[in-house]
Amino acid sequence: MEIIAPTDAGLEKAAGILASGGLVAFPTETVYGLGGNAWDPRALARIFEAKRRPAFDPLIVHVAGIAALDDVADLGALVPGARTAAGSLMEAFWPGPLTLILPKRSRVPDLATSGLPTVAVRLPNHPVARALIELSTGAVAAPSANPFGYLSPTRAEHVAAQLGDRVDLIVDGGRCPVGVESTVVDVSGPVPLVLRPGGLSLERLRSVVPGIEVLDRTDPAPKAPGQLANHYAPRRALRLVPPGALAGARPESRAAALVFDAAGRDRLGDAAPRFAAVRVLSESGDAVEAAANLFDLLHELDAGDYDEIWAERVPDEGIGRAVNDRLYKASKKT
Ligand code: AMP
Ligand code: MG
């Protein structure tokens, strides 16, 4: 495995590896992706193998422009209302941290969609990602570049540490600015449905399509694949507590505390010395900054000399919902 800078020559090299069936990790605005040629079933199989990802968890296909979207998805197969909603969402939020579930074209390999008749598509808003997709095969399947279930990578070093030689090349584009995965919206049915909260907030989605609903995670038989409760998890145990509850915490082992803002650190008060370390997601209480720092801080604490991580939930609005979703899933690891 080699790490290169996103120069013209670097991107040419990365595109060549993708075109010949290899795996390239690259930056997007959300997290680093583990990319493979979306048209090549062998490359797709290598993605699942490298991540140890179960074959029932479908991939997101990344395109660099609307023209390539038509190669991947069949917008004509949508019911008229859904077609309007899908068009409005693309218009408003692409390129950006929004993944749409759409009817798939038959030429998209079944491995990319785990056999589903729908495909997840995203048009990323990161210059390196877009240049690479355009230079290579026009459609690049890319889940997050981490072993299945583990913390998502927001820096090239995270990818190198987690995947090592299971990836052929890493393009280092610095830190991912959004820091949490894309928001996944299923527009293949009559009512648009948020399957996964992410970098694009529900409030912003609803400002464009007011009727969007949210998948009920308490549903015992979820209709969406890849909605496993334990995900995005550090190796250390993570305990998730309500805001303010860390003040009463009595960790019995060497624990690190993760709080939302400076006020959260102040609220720790007498409890602070009981923690070996205290980290703050955003000093000023900015949810966007908290999201950008989330995986970075979790990677740091997970690599540190702590037995446990105790984290406080953040305010459940805007991108804070995605932060709480990732913390919740990280806490569910057993
Ligand atoms: P990841 O690539 O790890 O960020 O995860 C992609 C997620 O997109 C999966 O875990 C699924 O929840 C979702 N997804 C991908 N394809 C589909 C699909 N055809 N239908 C519903 N959800 C999908
Ligand atoms: Mg992932």
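General observations
- Residue check for Arg326: at pLDDT 95 or above, part of a helix (DSSP H, G or I) and either hydrophobic (A, V, I, L, M, F, W, C) or over 14 Å from Ser152 (Cα atoms) (or both): no
- Among the residues making up the stretch 95-107, those that are of a type outside the set (Lys, Arg), within 20 Å of Gly189 (Cβ to Cβ) and buried (at least 20 other Cβ atoms within 10 Å of the Cβ) are Leu98, Thr99, Leu100, Ile101, Leu102.
- Top-ranked residue of the stretch 286-296 - restricted to ones that are among the aliphatic types (A, V, I, L, M) and surrounded by 19 or more Cβ atoms within 10 Å (Cβ to Cβ), ranked as farthest from Gln162 (Cα to Cα): Ala287
- Taking first residues from the stretch 108-126 that are within 13 Å of Ala73 (Cα to Cα) and among the hydroxyl-bearing types (Ser, Thr, Tyr) and partners that are at pLDDT 95 or above and in a strand (DSSP E or B), the Cβ contacts under 8 Å between residues at least 6 apart in sequence or on separate chains come to Thr113/Lys104; Thr113/Val119; Thr113/Ala120; Thr118/Ile101; Thr118/Leu102; Thr118/Pro103; Thr118/Lys104; Thr118/Asp186.
- Top-ranked residue of the stretch 57-66 - restricted to ones that are away from ligand 1 (no atom under 13 Å from the Cβ) and modelled with pLDDT of 95 or more, ranked as surrounded by the most Cβ atoms within 10 Å (Cβ to Cβ): Val63
- Single unsatisfied condition, Pro54 versus (1) modelled with pLDDT of 95 or more; (2) within 13 Å of ligand 1 (Cβ to nearest atom); (3) out of contact with any Ser or Thr (no Cβ under 7 Å at 6 or more places or on another chain): (1)
- Count of the stretch 227-264 residues which are basic (Lys, Arg) and within 27 Å of the chain's Cα centre (by Cα): 3
- Selection count, the stretch 16-30, where residues are touching a helix residue (DSSP H, G or I) at 6+ places or on another chain (Cβ under 7 Å) and surrounded by 20 or more Cβ atoms within 10 Å (Cβ to Cβ): 6
- Checking Arg105, Arg155 one by one, the residue that is modelled with pLDDT of 95 or more and within 16 Å of ligand 1 (Cβ to nearest atom) is Arg105 and no other.
- Qualifying positions in the stretch 133-169 - in a helix (DSSP H, G or I) and more than 13 Å from ligand 2 (Cβ to nearest atom): Ile133, Glu134, Leu135, Ala156, Glu157, Ala160, Ala161, Gly164, Asp165, Arg166
- Residues in the stretch 170-188 that are farther than 13 Å from Pro27 by Cβ and outside any loop (DSSP other than H, G, I, E, B): Thr183, Val184, Val185, Asp186.
- Residue selected from the stretch 109-132 under the condition more than 15 Å from ligand 1 (Cβ to nearest atom) and not in a loop (DSSP other than H, G, I, E, B), by the criterion surrounded by the fewest Cβ atoms within 10 Å (Cβ to Cβ): Pro127
- Against the test of being more than 30 Å from Ala292 (Cβ to Cβ), charged (D, E, K, R) and touching a strand residue (DSSP E or B) at 6+ places or on another chain (Cβ under 8 Å), the options Asp71, Asp110 yield a single qualifying residue, Asp71.
- Residues that are more than 19 Å from Tyr328 (Cβ to Cβ) and either of a type outside the set (A, V, I, L, M, F, W, C) or in contact with a Cys (Cβ under 6 Å, 6 or more places away or on another chain) (or both) within the stretch 289-311 comprise Glu289, Glu300, Gly304, Asp305, Tyr306, Asp307, listed in sequence order.
- Being over 21 Å from the mean Cα position of the chain (by Cα), near ligand 1 (Cβ under 10 Å from one of its atoms) and not β-branched (Val, Ile, Thr) is a property that does not hold for Gly81.
- Of the criteria (1) farther than 16 Å from Val214 by Cβ; (2) outside any loop (DSSP other than H, G, I, E, B), which one Leu195 fails: (1)
The values are calculated or read from the model by the stated rules, or taken from the named source; none is laboratory data. Remember, predicted model here, so these are calculated numbers, not experimental data. For neighbour counting, all protein chains shown are included, and Cβ atoms are generated from backbone atoms with ideal geometry for every residue, glycine included.
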